[in-house]
Every structure is written in C-alpha cells, then in structure tokens.
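Participant: The structure that follows is given in the form of structure tokens.
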Amino acid sequence: MDSSLSVVVPCYNEAENIPVVFPPLLVFARERGWRVIAVDDGSRDDTRAQLLKMKEDAPHLSVLHHKLNRGYGAATKTGLRAVETEFAVTIDADGQHRLEDVEKCFRRIVETDADLVVGERVNNESGGYRALGKWVIRTFAAMLLSLPVRDLNSGMKCYRMSEAVPYLDLCPDTMAFSDVILLLMVNDRKLVSRTEIEVAPRRAGKSTIGTRTALVTLAEILNLAILLRPMTTFFRISLIFFLLGLGWGAYIYFRARIINSASVMLIMLSAVSFILGLLGEQLAQIRKTLAGQKNER
C-alpha cells in the first residue's frame, strides 16, 4: 500500500457514468492505499447524490461540491487544493481513462523524479475538426516554448504537489487549465515528463468541448505568452507586420511607382509592437525581481 497518491476526479453531469466508473476506481485505490477526491462542479443531475452514497462505504473517498458550475479548471483546482498527499493524478469522470495508466503515471513520476507527468494519448481518435483545433493550439504553444510533450490538454496528469500548488492561482477556471499549468511549469524549468496511455470512448453523456473551448484556450495561451514571454511574443508579431508591410509596399512600388500608405501603416505597427515587447520585457523583469524578493522573505 502507498498512501502518497490522491486521484482527483472533476465531475459535471456525469450521473450516467458514476455507477460504472467509480466502483472499480474505489476498489483499485483502496487496494493501494490511495485517496480519491471527487469534485462535483455544480451538476444539474444527481451526480453529487451518487457520490455521497458511495462515500458511505468508501472512507478513502472525499466528495467536494461547487454550488454552481464554475468550469473544469475550477473543479480541478478545488480537488488539487484538497490533496494532502505528495502526489496527485487527475482523471476524467467519463470512463475514458484506464486504471492501470493511473498507476503507470504515478510510477513514472517517482522513477524520474519529475514534477509533472503527462499521460499522452496514443489512440486518441479525434475527428478532423477537433484534431485541427488541437494541432493549432499545440503549434501556437510550441512557438512560445520548447515543449517536452505533444498532448497538452490530456486530462490525465500526475503532479508533484509541492511544485504544482504555486501555479494554481495563475491557472484559468476553464478547460484551458490543462494547457496553462503545463506551460507555466515548462516556462519555469520544472521537470516535465510523459508516458503513453490509452483512452476509451466516453461511456455516456456528451462532451462539452467545442469551438468555444479552443478559442478560449488560444486566448489564455496568448495571455500567458504576453505575461511570461512578452519580447518573444511581440517580436514575432512585429516581424509579421514588418514583412507584410515590406512585401505589400514593394509590390505596389514596382507596379505603380508609389509608396502605399497601407504598407507604411503596417511597418509602423511593426515598430509599435516591438516597443511594446521591450516595455513588456521590462515589466516582466520587475515582476520576477519582486517575486524573488517576496520568496526570500
């Protein structure tokens, strides 16, 4: 038995899945001395009632509750803040994750002394539209940081809690939580590892992930990029404006022998973006200095 792991399960309207997913999870966890923390995120069905009923025969199960739906990230943060063990694994409540992969992620973080282990889905058969969205998000994130993993938004992650907790307040309450906490830890040079996992189709219910989720995630990553890597972000924006202005200006000039006002505006936007990057970098350095002084106290 190993009492150093907690399994955190955010739940929202999963009444159809709870009776199937939780019994084997609770048995699996009890045999290993693990804790299970279920977070009902303001479900409108009887998810909470089912969890509380299971808790009667499972003392190693904790059930937390949000009065209103606050989002996947909020539920995950509530669960992680309640963890009292050294490590925690997050899984989905829809039955997609295998219990043996929970143990695999846990073993990986212990063996590699990592701060975060991402369960990379090897058989994730997303539709073309969703696969495109994931590719856009991954490509956008890779432009900002050198990523050690590909599956940014995997719901199965194993955290070393002493390293993960300081980032929770910086993470959003939305589905973007999974991407943002990974990027934050990578940015701060935490050891992030990966292990391959398999996923099954959702047992019941409907996924809430859609176009809006992808757009919100992109916005959160952009916000994070401006906060952490302002010079890198604005320099690339500046370079795009400059090349567009230069190319359009050259095209118009060689055809009509005039200097086009649109190309001048683009080059001016390039200069403004570069200056914003410099200012942002100065503010970022001040923030890091103040944070370091605070930690020393």
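The values are calculated or read from the model by the stated rules, or taken from the named source; none is laboratory data. Quick caveat: nothing in here was measured; it's all calculated off a predicted structure. Positions of Cβ are generated from backbone atoms using ideal geometry, with glycine treated the same way; all protein chains shown enter the neighbour counts.
Participant: How many residues does region 128-147 hold that are over 18 Å from the mean Cα position of the chain (by Cα) and at pLDDT 65 or above?
Facilitator: Residues in region 128-147 being over 18 Å from the mean Cα position of the chain (by Cα) and at pLDDT 65 or above: 0 in total.
Participant: Would you point out the residue of region 41-57, among those that are of a type in the set (A, V, I, L, M, F, W, C) and either in contact (Cβ under 8 Å) with a residue 12 or more places away in the chain or part of a loop (DSSP other than H, G, I, E, B) (or both), that is farthest from GLY73 (Cα to Cα)?
Facilitator: Filtering region 41-57 for residues that are of a type in the set (A, V, I, L, M, F, W, C) and either in contact (Cβ under 8 Å) with a residue 12 or more places away in the chain or part of a loop (DSSP other than H, G, I, E, B) (or both), the one farthest from GLY73 (Cα to Cα) comes out as MET54.
Participant: Between a first residue in region 267-286 that is closer than 13 Å to LEU243 by Cβ and a second residue that is among the basic types (Lys, Arg) and surrounded by fewer than 17 Cβ atoms within 10 Å (Cβ to Cβ), which pairs have beta carbons less than 6 Å apart while being 6 or more apart in sequence or on different chains?
Facilitator: none
Participant: Okay, next question. How many of the residues making up region 11-38 are within 14 Å of ILE91 (Cα to Cα), part of a helix (DSSP H, G or I) and aliphatic (A, V, I, L, M)?
Facilitator: Matching residues across region 11-38 total 5.
Participant: Keeping to region 194-240, report how many residues are at pLDDT 85 or above, more than 16 Å from the chain's Cα centre (by Cα) and either closer than 14 Å to LEU147 by Cβ or not assigned by TED's automatic domain parsing to the domain that holds PRO19 (or both).
Facilitator: Going through region 194-240 one residue at a time, the tally reaches 5.
Participant: May I pose another question? Can you name the residue in region 153-170 that is out of contact with any strand residue (DSSP E or B) (no Cβ under 8 Å at 6 or more places or on another chain) and modelled with pLDDT under 90 and, of all such residues, is surrounded by the fewest Cβ atoms within 10 Å (Cβ to Cβ)?
Facilitator: LEU170
Participant: Counting only residues that are in contact (Cβ under 8 Å) with a residue 40 or more places away in the chain and aromatic (Phe, Trp, Tyr), how many does region 167-192 have?
Facilitator: Summing the residues that are in contact (Cβ under 8 Å) with a residue 40 or more places away in the chain and aromatic (Phe, Trp, Tyr) in region 167-192 gives 1.
Participant: Exactly one condition in (1) at pLDDT below 90; (2) farther than 30 Å from LEU184 by Cα is false for MET265; which is it?
Facilitator: Here MET265 meets the rest and fails (1).
Participant: Kindly establish whether LEU191 is modelled with pLDDT of 85 or more, surrounded by 13 or more Cβ atoms within 10 Å (Cβ to Cβ) and touching an Asp or Glu at 6+ places or on another chain (Cβ under 7 Å).
Facilitator: Criteria met by LEU191.
Participant: Would you tally the residues in region 250-262 being surrounded by 14 or more Cβ atoms within 10 Å (Cβ to Cβ) and either within 17 Å of ALA225 (Cα to Cα) or modelled with pLDDT of 90 or more (or both)?
Facilitator: The number of residues fulfilling the criteria is 0.
Participant: While we're on this one: Would you check which residues across region 17-35 are crowded, with 17+ Cβ neighbours inside 10 Å and within 23 Å of PRO201 (Cβ to Cβ) and list them?
Facilitator: Scanning region 17-35 gives ASN17, ILE18, VAL21, PHE22, LEU25, LEU26.
Participant: Also, quick follow-up: Out of PHE87, PHE28, report the one residue that is over 24 Å from the mean Cα position of the chain (by Cα), aromatic (Phe, Trp, Tyr) and assigned by TED's automatic domain parsing to the domain that holds ALA200.
Facilitator: Result of the check over PHE87, PHE28: PHE28.
Participant: Sticking with this structure for a sec: Just give me the residues in region 101-127 being within 20 Å of the chain's Cα centre (by Cα), modelled with pLDDT under 95, in a loop (DSSP other than H, G, I, E, B) and not hydrophobic (A, V, I, L, M, F, W, C), in sequence order.
Facilitator: Scanning region 101-127 gives ASN123, ASN124, GLU125, SER126.
Participant: Separate question: Kindly evaluate THR76 against the criterion of being within 22 Å of the chain's Cα centre (by Cα) and buried (at least 20 other Cβ atoms within 10 Å of the Cβ).
Facilitator: Yes; evaluated as a whole, the condition is true for this residue.
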